[in-house]
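For reference, the structure is listed below as structure tokens.
The values are calculated or read from the model by the stated rules, or taken from the named source; none is laboratory data. Keep in mind it's a predicted model, so treat the numbers as computed, not measured. Because the Cβ atoms are built from the backbone with ideal geometry, glycine has one as well, and the counts that use them run over all protein chains shown. Heavy atoms of the whole protein, side chains included, go into the accessibility calculation; ligands, DNA and RNA do not. Shrake-Rupley method; radii C 1.70, N 1.55, O 1.52, S 1.80 Å.
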Amino acid sequence: MTVVVVGAGPAGMAAARAAARAGVRVVLVDAAARPGGQYHRQNSLSAEGEFGLPDGVEHWPDSSVWAVEPIDGGHRVHVRTGRADGPGRRGRCVDTPALVLATGAYDRALPFPGWTLPGVYTAGAAQALAKGQGVAVGERVLVAGTGPFLLPVAESLLDAGAGVLGVLEAGRPFSRWLRDPRGTLTGRGKLAELARYARVLAANGVPYRTRTTVIAAHGADRVEEVTTARLDPDWNVLAGTEQRVRADAVCAGFGFSPQLELAVAARCKLRDGFVLVDAAQATSVPGVFAAGEITGIGGAQLSAAEGEVAGTAAAMRLGVRPPMPHRALRAVRHGRRFAAALARAHPLRPGWRGRLTDDTLVCRCEEVDHRELREAVGRREASGARSLKLVSRAGLGPCQGRICGPNIADLVAGIDPTAFARRPVAVPVRLAELSEAPAPQEETE
């Protein structure tokens, strides 16, 4: 029997290692060529990989799980290996009584006028280009958004040779941390990392400004200038603080949205937009475990601890009795307190909605602008996620609401953001591939 782990970031790698250490066979499925995920993204130009996997872990790189199907005694995991638009892609499936979902999260990008111009990147995409390919996205780059992730993004851009004009934090996190002493205590282990980022920014002359953000990007064919502005506590623009700045790239990041497609397909119960798990990282579905950012956003250390617990629990479901991961269990409890404090320190505030103009696209794939979305709700009385998609087309494009879904849910009262994660096919597949029926590699008991 096999434990199947989906995702090879910090949570998935830890789960695979823990299960293999317990003596069971593991299949580790990941969309990237090398394990590591976004946090440990490896330079694809390097001949040597940074992370080894133990014996007993069979790594399936460049592979995506497009469906999870319940069967007697577990689940059948359907996988396609190879580029979605490339030749030679093949399908296979594996049956497992213990499935670990460590699928991570998407960048959260809030729309603003001009955000679809070439030169506007999500913070994660810009970091992936810098760390994975050594590509600098611009010579005059502004990093804007909220959350501590902006700091490693700026560092990666500098390492790649980009000129970083500034890091603009929309909130005022330091005052929020000071008002939350218990939360600050949970994050004291991060102070050294924070100090290192501060030194990097100072050494490169990069200013870090709070209550400031990019409210518009301008240019004919790509970003040439941006408008920045100071914000009030609810992120409304303070009149008279707008400034035009010459820039050729903007990296915007406003936190993360969990990748819930497979968890929703497996019918795992959700709470507050994340997968609900118990102390063993078990979901509400027998035989399905979850770890990492789909259970809450708390950083790589928490993800790795959750992964170790999930991998151990998954191995125990196969009948082995490994030692209890006491250290990882303590790290999970501590990490979740830090994650809660992090969410309190970097909340999304409603003022961003007021910066949208009628022609600001809210769904880039289907080119649905803010006016069309409002008309779908006001004139055509679309009140649920499904009716809103059918009436306005928002969320029906290639991304299937992965990017625009959370924003639409913020803009339209009563829309459940997790509704955009409900789809029978989790990733794009070709019609011909759907007609194939590859034999399972392994049968469950």
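Run the numbers for Ala202 and Arg321: contour at 0.36 nm per residue of separation, minus the present Cα-Cα distance, in nm.
On the way: separation 119, 0.36 × 119 = 42.84 nm, distance 5.06 nm.
Full extension of this stretch gives 37.8 nm more.
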| said: Let me see the P(r) profile for segment 1-133: every Cα-Cα distance counted, bins of 5 Å, each bin given as a percent of all pairs. | reply: 2, 10, 17, 19, 19, 14, 10, 5, 3, 1, 0
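Which value, in nm² and rounded to one decimal, describes the direction-averaged projected area of the C-alpha convex hull of segment 78-207? Before the final figure, lay out each step's value.
Details: hull surface 49.2 nm².
Computed as one quarter of the Cα hull surface, the answer is 12.3 nm².
Over all distinct Cα pairs, what is the inverse of the mean 1/r for segment 374-418, reported as the Kirkwood hydrodynamic radius in Å?
Working: mean 1/r = 0.0976 Å⁻¹.
For segment 374-418, inverting the mean 1/r across all distinct Cα pairs yields 10.2 Å.
So which GluC sites (Glu not before Pro) in segment 231-305 are both in a DSSP loop and have at most 14 other Cβ atoms within 10 Å of their Cβ? Could you put the intermediate results ahead of the total?
On the way: sites: Glu242, Glu261, Glu293; in loops: Glu242, Glu293.
Passing sites in segment 231-305 are Glu242.
Under the definition of Cα pairs under 8 Å and six or more residues apart, what whole-number percent is the relative contact order of the chain?
Relative CO of the chain lands at 21 percent.
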| field | Sequence-distant lysines (8 or more away, or on other chains) whose Cα lies within less than 24 Å of Lys269 | value | Lys389
| message | Amide H of Tyr121 versus every other amide H placed in the peptide plane: which residues, excluding those fewer than 5 positions away on the same chain, fall under 5 Å? | response | Val250, Cys251, Ala252
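From the square roots a ≥ b ≥ c of the eigenvalues of the alpha-carbon gyration tensor of segment 290-445, which class results: rounded (a/c under 1.5), prolate (a/b over b/c), or oblate? Write out the running numbers ahead of the final one.
On the way: a/c = 3.39, a/b = 1.47, b/c = 2.30.
Oblate.
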| request: Run the accessible area of the chain with a 1.4 Å probe and give the carbon-and-sulfur part as a rounded percent. | output: 52
| said: Placing one identical point scatterer on every Cα of segment 96-149 and ignoring solvent, what is log10 I(q)/I(0) from the Debye formula at q = 0.14 Å⁻¹? | reply: -0.50
| request: Could you work out the mean projected area of the convex hull around the alpha carbons of the chain, in square nanometres to one decimal? | output: 21.8
| task | Any chance you could tell me what percent of the C-alpha pair distances in segment 148-253 go past 24 Å? | result | 31
| Ratio of the Cα radius of gyration of segment 273-331 to 2.2 N^0.38 Å, where N counts its residues | 1.06
| message | If you count only protein heavy atoms with a 1.4 Å probe, what accessible area per residue comes out for the chain, rounded to a whole Å²? | response | 45
| field | Separation in nanometres of the label points that stand 7 Å from Cα toward Cβ, at Asp410 and Leu431 | value | 3.7
| message | For a quick check, take a GNM of the chain with Cα springs below 10 Å and name the residue from Pro181, Pro322, Pro118 with the largest mean-square fluctuation. | response | Pro181
| remark: So the angle from the long Cα axis of helix 326-345 to the longest Cα principal axis of the chain, reported in degrees to the nearest 10, equals 20
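Return the equivalent ellipsoid semi-axes of segment 322-395 as a descending list in whole Å, where each equals the square root of 5 times an eigenvalue of the C-alpha gyration tensor.
Values: eigenvalues 341, 59, 23 Å².
After diagonalising the Cα gyration tensor, the semi-axes are 41, 17, 11 Å.
Can you classify segment 199-254 as rounded, prolate or oblate using the Cα gyration tensor, where a ≥ b ≥ c are the square roots of its eigenvalues, rounded means a/c under 1.5, and otherwise it's prolate if a/b beats b/c and oblate if not?
Since a/c reaches 1.5 but b/c is at least a/b, the shape of segment 199-254 is classed as oblate.
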| query | When you count, for each residue, the other Cβ atoms within 10 Å and take the mean per peptide, how do 214-225, 185-196 rank with the highest first? | reply | 214-225, 185-196
